[in-house]
Amino acid sequence: MNFLNFISGDQVTEILDMQTCIQLMRETLSALSRGEAIQVLRTAMRLEGRNVLGVMPSALLAKNVVGTKVITIVPDNAYKGLPSHQGVVVVFEAETGSLKAIVEGETVTAIRTAAVSAVATDVLSRKDANSLAILGTGVQARMHLEAIRLVRKIDQVYVWDRRPESAVKYSEEMSEKFDISVVPCATAEEAVKHADIICTVTAAKEPVLFGRHVQKGAHINAVGSCTPDCRELDTELVKASKLYTDRMESANHEAGDYLIPLREGAIDETHLLGEVGDVLLGKIPGRQDGEEITVFEALGLAVEDLAAADFVINQAAQREMSR
Ligand SMILES: NC(=O)c1ccc[n+]([C@@H]2O[C@H](COP(=O)([O-])OP(=O)(O)OC[C@H]3O[C@@H](n4cnc5c(N)ncnc54)[C@H](O)[C@@H]3O)[C@@H](O)[C@H]2O)c1
């Protein structure tokens, strides 16, 4: 491998703008639901405490690419001033098996996750949704505000974090960056009670969002919990919602928000309605009226990383050639 085979986070940011990534994720989730991708469950190797090494393989044969993301997740890194997610996406040509490039994975993860939530929000939230609540103030909280604004005309944002000073800092930074009102809230209830769209983007193990606080007609992107024993949503909320996910197989193995109410007997398997890709393809219905609460349970898929990384590699190569 030579030096040119590595694409840095700065290059990813330069090439993969959010609007482009939303379109790319729309195509990728559709391709997945059409059966055009090979997507296996991730391996999450537990380290000390809640630290994890994740290996996420997938293939997009129509694009002639196969690869894997390798990522470490260290939730307490925030206290050390380090990112909680660090890694790379390794991309090969599927036909020859030759390495195309290695792409910095932290930035790919940051952008593609929010872009996927934007796709889900676009198909599941009310068309007139104009207020947004964000629970959490980390990397995903920042990316989600950017992404959701691109699919709905948001004019009011509420933010909550378990550390009130983080919510204040977030509101100062984001209101200036996007020229929008961002209100820091003392409680999650205060943040969500008037919100049409809610994004839970925390590393919480226990629920931070409760059904009794969510208004009718809201859409929720549940992004933070990706293991069977952790959840951000309480049982009451999941039970009262129409529940969708990115990948059924992943939800059946990894989604605490779904699996805990299932284990409790509060819902059965029919409660999980299907994949957002299926809604995009018109195979299953999405929202039926303005009163329903919809939930998108995002587990995060290798194929999303692969599609994003491959796009970046191809664009970088084109830019190199036209120099
Ligand atoms: N579904 C996906 O595709 C996907 C992709 C990336 C990240 N994630 C998950 O989303 C979450 C946020 O990711 P990030 O990159 O923004 O992380 P981050 O480390 O930048 O931010 C974490 C946020 O969670 C909050 N938090 C931590 N512990 C908490 C607790 N016990 N209760 C309430 N809040 C708590 C922190 O205050 C912070 O606001 C993580 O759990 C991460 O693993 C999911």
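Being out of contact with any Pro (no Cβ under 8 Å at 6 or more places or on another chain), more than 30 Å from Cys185 (Cα to Cα), without any contact (Cβ under 8 Å) to a residue 40 or more places away in the chain and not hydroxyl-bearing (Ser, Thr, Tyr) narrows it down to one residue among Glu48, Glu104; which is it? Let's see the steps before the verdict.
On the way: Glu104 fails: without any contact (Cβ under 8 Å) to a residue 40 or more places away in the chain.
Just one listed residue meets the conditions, Glu48.
May I ask you to list the residues in segment 199-250 that are basic (Lys, Arg) and closer than 24 Å to Arg149 by Cα? Full working, then the answer.
Initial filter on segment 199-250 (basic (Lys, Arg)): 205, 212, 216, 231, 239, 242, 247.
Lys216, Lys242, listed by residue number.
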Inset, instruction - Give segment 27-39 a look and list any residue that's more than 16 Å from the ligand (Cβ to nearest atom) and not small (Gly, Ala, Ser), or say none. - result: Glu27, Arg34, Glu36, Ile38
Inset, instruction - Please state which of the following conditions Leu82 fails to meet, knowing it meets all the rest: (1) within 11 Å of the ligand (Cβ to nearest atom); (2) closer than 22 Å to Thr28 by Cα. - result: (2)
Inset, instruction - Quick one: in segment 145-170, of everything that is more than 11 Å from the ligand (Cβ to nearest atom) and among the acidic types (Asp, Glu), which residue is most open to solvent (accessible area, probe 1.4 Å)? - result: Asp155
Inset, instruction - Report the residue count in segment 180-225 for those that are more than 17 Å from the chain's Cα centre (by Cα), open to solvent by 10 Å² or more (accessible area, probe 1.4 Å) and of a type in the set (Gly, Ala, Ser). - result: 4
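Within segment 171-225, how many residues are assigned to a helix (DSSP H, G or I) and within 10 Å of the ligand (Cβ to nearest atom)?
First, the residues of segment 171-225 that are assigned to a helix (DSSP H, G or I): 171-178, 188-192, 211-213.
Subset that is within 10 Å of the ligand (Cβ to nearest atom): 188.
Of the residues in that region, 1 qualify.
Only one of Leu61, Leu47, Leu99 is farther than 20 Å from Glu304 by Cβ and away from the ligand (no atom under 15 Å from the Cβ). Can you tell me which? I'd like the intermediate steps shown before the answer.
Details: Leu61 fails: farther than 20 Å from Glu304 by Cβ; Leu47 fails: away from the ligand (no atom under 15 Å from the Cβ).
Exactly one residue qualifies, and that residue is Leu99.
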Inset, instruction - Examine segment 291-303 for a residue that is surrounded by fewer than 24 Cβ atoms within 10 Å (Cβ to Cβ) and more than 25 Å from Lys205 (Cα to Cα), and state whether such a residue exists. - result: yes
Legend entry - Which numbered condition Arg142 fails, given (1) in contact with a Lys or Arg (Cβ under 9 Å, 6 or more places away or on another chain); (2) open to solvent by 20 Å² or more (accessible area, probe 1.4 Å); (3) near the ligand (Cβ under 9 Å from one of its atoms); (4) within 19 Å of Val295 (Cα to Cα): (4)
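Can you give me the number of residues within segment 118-137 that are over 16 Å from Glu190 (Cα atoms) and surrounded by fewer than 21 Cβ atoms within 10 Å (Cβ to Cβ)?
Residues of segment 118-137 over 16 Å from Glu190 (Cα atoms): 118-130.
Of the ones still in play, those that are also surrounded by fewer than 21 Cβ atoms within 10 Å (Cβ to Cβ) are 122-123, 126-128, 130.
Here the count works out to 6.
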Inset, instruction - Kindly list the number of the only condition in (1) touching a residue at least 12 places away in the same chain (Cβ under 8 Å); (2) under 28 Å from Glu14 (Cβ atoms); (3) not hydrophobic (A, V, I, L, M, F, W, C) that fails for Arg231. - result: (2)
Legend entry - First in segment 124-141 and modelled with pLDDT under 95, second anywhere and open to solvent by 10 Å² or more (accessible area, probe 1.4 Å) and within 16 Å of the ligand (Cβ to nearest atom), Cβ under 8 Å, 6 or more apart: none
Inset, instruction - Report, by residue number, each residue of segment 105-139 that is farther than 18 Å from Glu172 by Cα, among the polar types (S, T, N, Q) and within 8 Å of the ligand (Cβ to nearest atom). - result: Thr109, Thr113
Legend entry - Failed item, numbered, when Glu249 is tested on (1) under 20 Å from Met25 (Cβ atoms); (2) in contact with a Lys or Arg (Cβ under 6 Å, 6 or more places away or on another chain); (3) among the charged types (D, E, K, R): (2)
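The values are calculated or read from the model by the stated rules, or taken from the named source; none is laboratory data. Everything numeric here is computed off the predicted structure, so don't read it as measured data. Ideal geometry is used to build each Cβ from the backbone, glycine not excepted, and the neighbour counts take in all protein chains shown. Remember, those area values only see protein heavy atoms, side chains included, never the ligands or the DNA or RNA. Shrake-Rupley method; radii C 1.70, N 1.55, O 1.52, S 1.80 Å.
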